[in-house]
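**Q** Can you read through this structure? Questions will come right after.
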Amino acid sequence: MKLEPIVVSLLDTDLYKFNMDQVIFHKHTDLCGEYYFKCRNEGVKFTREMLDEINGQIDHLCSLKFTKKELDYLRSIRFIKNDYVEFLRLWRPIREYVETGLSADGELSIVVKGPLFSAMQFEIYLLEIVNEVYFRFTYDYDELLKSAKERLDKKIAAFNDGTYMFQFAEFGCRRRLSREWEDVVIKRLATETKNCVGTSNVYFAMKYNLTPIGTYAHEFVQMYQGIDSIPLAYTNHYAMKDWYDEYQGDNGTALTDTITTDLFLLDFNRSMVNNYTGVRHDSGDPFKWGEKIIAHYKKYDVDPKNKLLLFSDGLDFDHAQALYDNFKDRAKVSFGIGTFCSNDTKEESLNIVIKLQFVNGRPVAKLSDAPTKAMCRDEEYLEYLKRSVDFRLKREK
C-alpha cells in the first residue's frame with residue numbers, strides 16, 4: 001500500500017510549536033535536543049511495510065517549505081514576530097535529524113536529534129504520520145470513517161440540544177485518524193455548533209478562518225533542565241520569565257504540571273498570577289487541580305472569575321461538561337479536546353508521544369501530576385529531579 005502525502009503543509013501542526021520555537025529562536029539558539037518516540041498502548045505492533053511508508057512520508061515532509069501565503073498568515077497572528085517569520089522563510093525540516101527503526105517484535109523507534117529550534121518542530125508532523133499510517137494499514141479505513149462519522153453526528157446533536165454547554169478548542173492533530181478526517185471534524189464542529197472556539201491546528205485555522213489556540217508544552221519547561229546555570233527546581237520560574245519577556249502577557253496561559261503543580265505554584269507568585277491570563281491542566285485529578293488553582297488565586301486576592309482554567313488531559317465531552325458544571329460560576333473555563341474529536345472510532349486510539357529527553361547532552365524529564373505520565377530515559381536523573389523537587393517543596397511550603 002502506498003499512501004498519498006499525509007503532511008502537505010508545514011502549518012499542519014499545533015500553534016504552540018511556533019510559540020515555543022519563537023522564544024527559543026530569540027533566547028536559546030545554543031540548545032540541542034533529542035526526542036524519542038513511545039507508544040503507550042500494550043500489544044501494538046508495527047510492520048516493515050508500515051516503517052517503509054513512514055520513512056517515505058518523512059522524506060516527503062522534508063521536501064516541504066513554507067509558502068508566502070502561509071508565512072503571511074503566521075505574520076497575521078498578533079504575537080508572532082516578523083523576524084521569526086523571516087527565519088521560517090529559510091527553515092525546512094532536515095531529514096538527517098530523524099532516525100527510525102523497527103525491532104524484531106514490532107516496536108517502532110523514532111529519534112530526532114538536532115538544534116532544538118529545528119528538532120522540536122518534528123514532533124507533531126511525525127505523530128500525524130505514524131498515526132495515519134498505522135490506522136490505514138491495520139484496519140478497514142472506510143469502516144473506521146463510518147464509525148467516526150456516526151459518533152460525530154451524535155456529538156454535534158448533543159451540543160445543539162443543550163446536553164453540552166461548554167466551549168472548547170479542537171486539539172486533535174497529533175493523534176488524528178487522518179488529515180482528511182480532522183478536516184471534516186473541524187469544519188463541522190465550527191459550522192454546526194456554537195461551541196468550538198478554535199483549533200490548535202494552524203493549517204485548519206487558516207483554512208477555515210478560525211482562531212489558532214495554544215501556548216506552550218512540557219518540553220518548554222523541560223529544556224531549562226538542560227541549562228547548566230539553572231537549578232532544576234527553579235525551571236518553571238525561568239520558563240515563565242522568558243515567556244513573559246517574549247509575549248508581555250499576550251499568549252499567557254501557563255502549563256502547571258511539568259515538574260508537578262505544587263512546585264509550579266511556588267513560582268506562580270503575585271507577579272506571575274497577574275502576568276498570566278490563566279493556567280492549563282494536563283495530568284492528575286482535574287477537580288482537585290481546579291480547587292487548588294482557585295485557592296491559589298484567592299491567596300493573592302485575585303478573583304478567579306477573571307482567570308482561565310483550561311483543561312486538556314484526555315477529555316471526552318461528558319467529562320468536560322462535568323468540569324464545566326463544577327467550575328463555571330467560579331472561573332473562566334475552557335477545554336482543549338484532542339483524540340476524542342479527531343480519532344473516536346470503533347477501534348482503540350493510539351496513545352503515542354514524542355518527548356524531549358536530552359538537552360545539550362543532559363537528561364531532562366517530565367514528572368507531571370500522574371506518575372504514569374512521567375517519562376525519562378535516565379532513571380538516576382529522574383530520581384535526582386524528584387529529590388530536587390521534594391527538597392524545595394519541603395523547604396518553602
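Bear in mind that the values in this text are calculations on the coordinates, not laboratory data. Remember, predicted model here, so these are calculated numbers, not experimental data. Backbone-built Cβ (ideal geometry, glycine too); neighbour counts: all protein chains shown.
**Q** How far apart, in nm, are two points set 7 Å out from the Cα along the Cα-to-Cβ line at Lys292 and at Arg270?
**A** The modelled label-to-label distance comes out at 2.4 nm.
**Q** Decide, for the range 127-213, between rounded, prolate and oblate: order the square roots of the alpha carbon gyration tensor eigenvalues as a ≥ b ≥ c, take rounded if a/c falls under 1.5, and otherwise choose prolate if a/b is larger than b/c, else oblate.
**A** Oblate shape, in that a/c is at least 1.5 and b/c is the bigger or equal ratio.
**Q** Using only the Cα atoms of the range 203-261, build the gyration tensor, take square roots of its eigenvalues as a ≥ b ≥ c, and label the shape rounded, prolate or oblate: rounded if a/c is under 1.5, else prolate if a/b is larger than b/c, else oblate.
**A** Cα axes put the range 203-261 in the prolate bin.
**Q** Sequence-distant or interchain residues sharing an amide H contact under 5 Å with Lys366, placed H: which?
**A** So Lys366 has HN proximity to Met375.
**Q** Would you calculate, for the chain, the mean residue ellipticity at 222 nm contributed by helices, counting each DSSP H stretch of 4 or more residues as -39,500 (n - 2.57) and dividing by all residues, to the nearest 500?
**A** Rounded to the nearest 500, the figure is -14000 deg cm²/dmol.
**Q** Take the residue pairs Lys155/Lys328; Lys17/Lys113; Lys2/Lys69; Lys38/Lys366; Lys366/Lys386 and return only those whose Cα atoms are more than 18 Å apart.
**A** Too far apart for the 18 Å limit: Lys155/Lys328; Lys2/Lys69.
**Q** Further question on the same structure: Sort the range 83-150 into rounded, prolate or oblate with this rule: let a ≥ b ≥ c be the square roots of the eigenvalues of the Cα gyration tensor; rounded if a/c is under 1.5, and if a/c is not under 1.5, prolate when a/b is larger than b/c, oblate otherwise.
**A** oblate
**Q** I would also like to ask the following. DSSP loop (so not H, G, I, E, B), at most 13 other Cβ within 10 Å: list which chymotrypsin sites (Phe, Trp or Tyr not before Pro) in the range 349-397 pass both filters.
**A** none
**Q** Under DSSP H, which helices of the chain have Cα atoms covering 27 Å or more of the helix axis and a Kyte-Doolittle average no less than 1.0?
**A** Passing helices, by number: none.
**Q** Measuring from the lowest to the highest alpha carbon on each principal axis, how far does the chain reach, largest first, in angstroms?
**A** 58, 53, 44
**Q** Now, a different point. Between Asp30 and Ala374, take the C-beta separation as r, use R0 = 35 Å, and let me know the FRET efficiency to the nearest 0.05.
**A** Here the calculated transfer efficiency is 0.80.
**Q** For the range 156-254, which trypsin sites (Lys or Arg not before Pro) are in a loop by DSSP, counting at most 12 other Cβ atoms within 10 Å?
**A** When the trypsin sites (Lys or Arg not before Pro) of the range 156-254 are filtered for loop state and at most 12 Cβ neighbours within 10 Å, Lys194 remain.
**Q** For the chain, what is the relative contact order in percent, using Cα pairs closer than 8 Å and at least 6 residues apart in sequence?
**A** So the answer I get is 22 percent.
**Q** If you don't mind, there's one more thing I want to ask. Go ahead and run the numbers for FRET between Lys332 and Val44, Cβ-Cβ distance against an R0 of 35 Å, rounding to 0.05.
**A** It comes out at approximately 0.40.
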